[in-house]
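Data block below; observations after.
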Amino acid sequence: MKKKHLSFVAIAAMLMASACSEKKTTTETTTTEDHTVAHDTASAVQHNGTMGTPMEKGGLKVYSYSNSVDFPDAELELKQPEKNAKVTGDSVQFTYEVENFQLTQQTSDAGTHEHANSKEGQHIHNIVDNEPYTAHYKPSFKKAIKPGQHVVLSFLSRSYHESIKHKEAFDLRVINVGNAPANATKFDENAQHLFYSRPKGEYKGADTRKVMLDFYLVNTTLNKDGNKVRATINGNEFILDQWLPYLVEGLPMGENTFKLELINAQGQVIPGPFNTVERKITLMQ
């Protein structure tokens, strides 16, 4: 009996070691001369509605998710202003047509998400020159924009601020406001672009536990062997190789810094006016 017991313990130990070994292979890190970068390696399992493999560094945990309710038929069309339009004054009239998506409605799975949610419901994110977005719950509104040439990105958003990521759900265009001369460098709408969306502003109470990181891509995709997004959070680098929302846990109270860069397979930032962006947010008790 004693020998059988010892044999069972030995086999159990071997199985546990094997399981640990398999678990370790799901998380990758890349060591450079001065720092270690965490990589998202969750692969296809994320598209089955599960959480991605957590990346942990500097007390932070970052992981993607894909279990949000989908809106495959949602469409957004910007009617006004037109592309390359010249708008007089500094108050721009925006008029959208929205189909298969109800503004002001709570997204049906909002209660299952453990991060910030808008009580006003689903909305449009309007981003000018990759500055912090303004949220709009009606398809028509006016927005003050300083004179000059501007790049405007609009997209549909779930009530918990997660963007809808397909071609028919966004609009990108250049507009000219006031009498200021156009920029010397023309914006290339066909180039690869990264736009920052979340996190934004202040987070309080329960909303500080899990903070969503979300961005918008135009004319590019992400994959393990191609373009990626390098997210630097409070100095800790994470490589994101899927266009999905991510949750960040472990952020300290107070000011936190998020930097996003669209990089190629060699780790170089892809040229573009908005492909490097840095924001600060504040967490409060």
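The values are calculated or read from the model by the stated rules, or taken from the named source; none is laboratory data. The shown structure was predicted, so the numbers you read here are calculated from the model rather than taken from an experiment. Note that we place each Cβ from the backbone using ideal geometry, even for glycine, and neighbour counts take in every protein chain shown. Calculation scope for accessible area: heavy atoms of the full protein, side chains included, ligands and nucleic acids excluded. Shrake-Rupley method; radii C 1.70, N 1.55, O 1.52, S 1.80 Å.
Of the residues G205, V128, F187, the one whose Cα sits farthest towards the positive end of the charge dipole of the range 122-215 is G205 (charges of +1 on Lys and Arg Cβ, -1 on Asp and Glu Cβ, taken about the Cα centre). You can think of it this way: the chain between N183 and T88 has 32.5 nm of extra reach, that is 0.36 nm per residue less the Cα-Cα gap. Per residue, the range 227-279 exposes 36 Å² of solvent-accessible protein surface, assessed with a 1.4 angstrom probe and all protein chains in place.
Within the same chain, aspartates and glutamates fewer than 8 places from K259 are excluded, and of the rest, those with a Cα less than 19 Å from its Cα are D34, D40, E56, D129, E131, E162, E202, D214, E237, D241, E249, E278.
Of the trypsin sites (Lys or Arg not before Pro) found in the range 71-150, those that fall in a DSSP loop while having at most 14 other beta-carbon atoms within 10 Å are K83, K119. Here is the list for the range 168-269: GluC sites (Glu not before Pro) lying in DSSP coil, each with at most 16 other C-beta atoms within 10 angstrom of its C-beta, are E189. For the range 40-193, the convex hull drawn through the C-alpha positions has a volume of 149 cubic angstrom per residue.
Between R209 and E77, the modelled labels are 4.3 nm apart [label points 7 Å from Cα along Cα→Cβ]. Could you look at the range 163-285 and say what percent of its accessible area is carbon and sulfur, using a 1.4 Å probe and all protein chains? Whole-percent figure for carbon plus sulfur exposure: 45. Volume per residue for the range 192-258 equals 85 cubic angstrom (convex hull of Cα atoms).
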